[in-house]
Structures are given as structure tokens and as C-alpha cells.
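Visitor: Dropping the structure in here first, questions after.
The values are calculated or read from the model by the stated rules, or taken from the named source; none is laboratory data. Not measured: the values here are computed from a predicted model. Every residue, glycine as well, gets a Cβ built from its backbone with ideal geometry; the counts of neighbours run over all protein chains shown.
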Amino acid sequence: MKKTNRREFVQTAVKATVFTTIGAPAILSAACSAKPSEDTTDEESAIAALAFAQVKLPYDYAALEPNIDATTMDIHYNKHHTAYIKNVNDAIAEENITFATEAEFFANVSTLSAKARNNGGGAFNHNFFWQVMKPGSEAPSGKLADAINGSFDSFEKFKEQFTHAAMTRFGSGWAWLVNDNGTLKIGSTPNQDNPLMDISDFKGTPLLALDVWEHAYYLKYQNKRNEYIANWWNVVNWSEVASRLV
């Protein structure tokens, strides 16, 4: 049997795993990886173990209107997010990155290139973002409501603090609600960083995220980030947020 060429193997494995999935979890496991052939070495299998995958958008492009317009959703998902997925998988192949999971990737991101870090963050952050939105929104209830009230005194105060974090993130970045060892915290990260990264000053398990890059809102809101944030509250998927609170 012909011995698999190392470069061909890595490129094939990465391409094979860039697919869309339905209901993918926030942290994608090595189950998304391609199965290595019997002729591959252990080293080659490790290199191909991790590949980021783009979740299928849980709703139509126009489903979040009038809060987020269909054209922005189309471009955001099919251009920006798709590019992050491709570029991080290219970096994994080019740099022989051998981490088995996204969690491990982010826990060691300080050892990786800017290409791997930025695109890996963009891939994960957007997968997360799509899933914590839905058409229509109701206030959180049950355990999540209790946790928010316990940490921020009230839902309205929570919204004020989260909005402040999103408004004061200079330039491009993300606002986050995280669970930090049982305590809910609000913060923000620059560019495509996230709270799972070892280089992040703000850490925790993500529960809610808001993209405040201009490409997320500029077609509809121009420079009015405040209006984008105010309307975004109308499409938060609190059931999904609650499912991440464990």
C-alpha cells in the first residue's frame, strides 16, 4: 500500500473536517476530526486531531430582523466566519499544531502564532455568538435569573453593566458574561480573543457573548454601536445561555 505523504495527509485531513454541524457545543472535541488511515504515523494522527468546524446557522439570515439585518448576517456568517474557520485550520496544518481540542488550543494559545490565535478565536467566538441568539427573546428565568440577580442585584443592572462593557471596548472586540467558579462576571476582550485563552486578562466559562466588531453592525447602524447593542437584547437566546450555566 502506498505510504501517505505527510503534507498530503495534513491537507486532506484539514479539508475533510471543515464542514457545518448542527447544534455543535461551545467547545468542539476531537470527534470533529478526520479518521487517519492505517498507514499514518502517530505524529501525523496528532497533527490532524484538531480541526475547527463552522456550526450551521440556527435560523435564516432574516430571522433576527429588524434587530440584525439579513445582509449583515449573510456577510458575517459566509464571509467573515467562514474565513476564520479556513485560516485557523490552515494554521494548524502549517504549524503542525497538535492540540487535541479547542479547549487545549486556547489554554496554550500564547505559544501559537498570531494567525492561529486570531483565527482560532474568530472561529470559536462566532460559533458561540450564533447560538446565543434567536428570533424573539424573553427575560431569563429559573437558575439563570437567580444567578444574575445574585451577582448583579437585578436583571436591569446586569444589562447596564454588560452594555457598558460592550460600549467601552475600544476598537474591535467582544463583551462577555462568564461563569468564574460559580460567580458570574462581565468583561470584554480585544479583537478575537476570548475568556478561554491563557493570554486573556478576563477569564471564565463563556455564557453570553456580543460581537462589537464594526462588521457585525455597520451596514444597519453605521457608527451607532449603542443602538446595535440596545436592539441586540431583543434576540438573546436565554434558554441557550441557561444551558451553559452548570
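Visitor: For the stretch 201-246, which positions are basic (Lys, Arg) and not in a helix (DSSP H, G or I)?
Guide: 203, 224, 244
Visitor: State all residues of the stretch 67-95 that are charged (D, E, K, R) and within 30 Å of residue 231 (Cβ to Cβ); if no residue qualifies, say none.
Guide: 69, 74, 79
Visitor: Another question, then. Here is a check on your reading of the model: is residue 175 small (Gly, Ala, Ser) and within 15 Å of the chain's Cα centre (by Cα)?
Guide: Yes, satisfied.
Visitor: Shifting gears a bit: Would you mind stating whether residue 205 is without any contact (Cβ under 8 Å) to a residue 60 or more places away in the chain and surrounded by 14 or more Cβ atoms within 10 Å (Cβ to Cβ)?
Guide: Yes.
Visitor: Right, here's the next one. Looking at 146, 211, which is the one that is within 18 Å of residue 236 (Cβ to Cβ), buried (at least 20 other Cβ atoms within 10 Å of the Cβ) and among the charged types (D, E, K, R)?
Guide: After ruling out the rest, the residue left standing is 211.
Visitor: Residues to consider are 57, 50; find the one that is modelled with pLDDT of 50 or more, surrounded by 14 or more Cβ atoms within 10 Å (Cβ to Cβ) and more than 23 Å from residue 215 (Cβ to Cβ).
Guide: Criteria check complete, one pass: 50.
Visitor: In the stretch 220-246, how many are surrounded by fewer than 16 Cβ atoms within 10 Å (Cβ to Cβ), at pLDDT 95 or above and not hydroxyl-bearing (Ser, Thr, Tyr)?
Guide: 8
Visitor: Does residue 170 fit the bill of being hydrophobic (A, V, I, L, M, F, W, C), touching a Pro at 6+ places or on another chain (Cβ under 9 Å), at pLDDT 95 or above and surrounded by fewer than 16 Cβ atoms within 10 Å (Cβ to Cβ)?
Guide: Against the criterion (hydrophobic (A, V, I, L, M, F, W, C), touching a Pro at 6+ places or on another chain (Cβ under 9 Å), at pLDDT 95 or above and surrounded by fewer than 16 Cβ atoms within 10 Å (Cβ to Cβ)), residue 170 qualifies.
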